[in-house]
Structures are given as C-alpha cells and as structure tokens.
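Notes for the one structure printed next.
A short reminder: the numbers here are calculations on the coordinates, not readings from a lab. Computed from a prediction, not measured in an experiment: that's the story for all the values here. Please note: Cβ atoms are built from the backbone with ideal geometry, for glycine as well, and neighbour counts cover all protein chains shown.
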Amino acid sequence: MRQVVLYTRPNCHLCEDAKNQLNLAASQLSFSVNEINIEDDPVLLVKYGQDVPVVTVQGQEAFRHHFDGVKLRALLAMN
C-alpha cells in the first residue's frame, strides 16, 4: 500500500485542513496516512518548525503549507 505521511503540530489550522482532505482522499483511493506530530521529535521540530503541514508521498515531499488534492492523485497514480 502506498504511504502518505502528514507532519503536523498542535493548533495548526492548515494541518487540520490537510488532515481532513487526506482522510477524505484515503477513503476514495488506496493509501494509508501516518500522522506525525513534529513536537514529539526534536529533530523534526528543528527541521520543519513552523513550516507545517508537510505531506510526503512514498518518502518524497509533496506539499508544504497547502494541500493540493489534484496533485496528490497525480502523485499516487505515478507510484
């Protein structure tokens, strides 16, 4: 199964929007979503800081700050 990772942090409205859109897309397409709170990992907190949400598809960064459902579908079709 294709893997999508959402890097997020608490009190981030863009993160909530991305999470909702990813969950909707996951219900229609075949992929799993792993949500990671960057505040639980000091390395990720330094790496991403305020630059969340970040979405990776199959280990490659696909989105930062804003989620694009059309682009996600295209990326999943390629993988």
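List of remarks:
- Options (1) 32, 22, 16; (2) 32, 29, 23; (3) 110, 21, 13 - which one matches Cα extents along the principal axes in Å as calculated here: (1)
- Over the chain, Cα pairs under 8 Å with separation of 6+ residues give a relative contact order of 39 percent.
- Least to most buried among T8, T56 (fewest other Cβ within 10 Å first): T56, T8
- Distance-filtered residues of region 16-35 - backbone nitrogen under 15 Å, label point 7 angstrom along K47 Cα→Cβ: 34-35
- Segment L29-R64, extension gain: residue separation times 0.36 nm, minus the distance between their alpha carbons: 10.5 nm
- Dipole size of the chain about its Cα centre, with +1 on Lys/Arg Cβ and -1 on Asp/Glu Cβ: approximately 300 debye, rounded to the nearest 20.
- Taking every DSSP beta bridge that has both ends in the chain, the antiparallel portion is near 55%.
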